[in-house]
Amino acid sequence: MQLTTYEHKTQYYETDQMGIIHHSNYIRWFEEARTDFMRQMGIGYEEMEAQGIISPVLSVTCEYKSMTHFGDTVLIIPILKSYNGIKMTIEYSVTDKETGELRCVGETKHCFLRRDGRPVSLKKSYLEMDKMFQGALPQSE
């Protein structure tokens, strides 16, 4: 599945006193990119929630490689690393659009729940949704 890269133009409010993007914003950018990624897959969060499914974050990691400054544009590439119908892991790389320099790498882990908080298997209960996630997994060489 070929998806477009998510692009983010940094904003002044995202900076700290030194004009550098505050570390917490990278996590927000992961969410922006993940939301866009899922929409491109054909299953946006709105549609999942309309079907009674939520996908909370179980964990987040982020490793900072170089600084991003106000006015920079970054490219955020989400990759579905693993998916088993109940949980998924998405990896992210954030690079400077102009220079290609790596700014950070990270990962988020999620599960799928019904609105009442009970786990749900997309493989068993939501076959079309499962098919979309399966199609987004990287193909083995």
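The values are calculated or read from the model by the stated rules, or taken from the named source; none is laboratory data. Remember, it's a predicted structure, so these values are computed and weren't measured experimentally. Cβ atoms come from the backbone with ideal geometry, glycine included; neighbour counts cover every protein chain shown. For accessibility, only protein heavy atoms count, side chains too; no ligands or nucleic acids. Shrake-Rupley method; radii C 1.70, N 1.55, O 1.52, S 1.80 Å.
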Review point. Which members of the stretch 101-132 meet the condition of being part of a loop (DSSP other than H, G, I, E, B) and of a type in the set (Ser, Thr, Tyr)?
Key: Ser121, Tyr126
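From the list Phe37, Phe30, which one is assigned to a helix (DSSP H, G or I), touching an Asp or Glu at 6+ places or on another chain (Cβ under 9 Å), touching a residue at least 24 places away in the same chain (Cβ under 8 Å) and hydrophobic (A, V, I, L, M, F, W, C)?
Numbers: Phe37 fails: touching an Asp or Glu at 6+ places or on another chain (Cβ under 9 Å).
Being assigned to a helix (DSSP H, G or I), touching an Asp or Glu at 6+ places or on another chain (Cβ under 9 Å), touching a residue at least 24 places away in the same chain (Cβ under 8 Å) and hydrophobic (A, V, I, L, M, F, W, C) holds for just one of Phe37, Phe30, which is Phe30.
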Check your understanding: Quick check: anything in the stretch 104-119 of a type in the set (Val, Ile, Thr), surrounded by 14 or more Cβ atoms within 10 Å (Cβ to Cβ) and more than 19 Å from Thr35 (Cα to Cα)?
Key -> no
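Residues checked against (1) modelled with pLDDT under 95; (2) in contact with a Phe, Trp or Tyr (Cβ under 7 Å, 6 or more places away or on another chain); (3) not acidic (Asp, Glu):
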residue: Met1; (1), (2), (3): yes, no, yes
residue: Glu14; (1), (2), (3): no, no, no
residue: Ile27; (1), (2), (3): no, no, yes
residue: Arg34; (1), (2), (3): no, no, yes
residue: Glu46; (1), (2), (3): yes, no, no
residue: Pro56; (1), (2), (3): no, no, yes
residue: Cys62; (1), (2), (3): no, yes, yes
residue: Lys87; (1), (2), (3): no, no, yes
Point to revise | When residues of the stretch 120-141 are limited to those that are among the acidic types (Asp, Glu) and open to solvent by 100 Å² or more (accessible area, probe 1.4 Å), the one nearest to the chain's Cα centre (by Cα) | key: Glu128
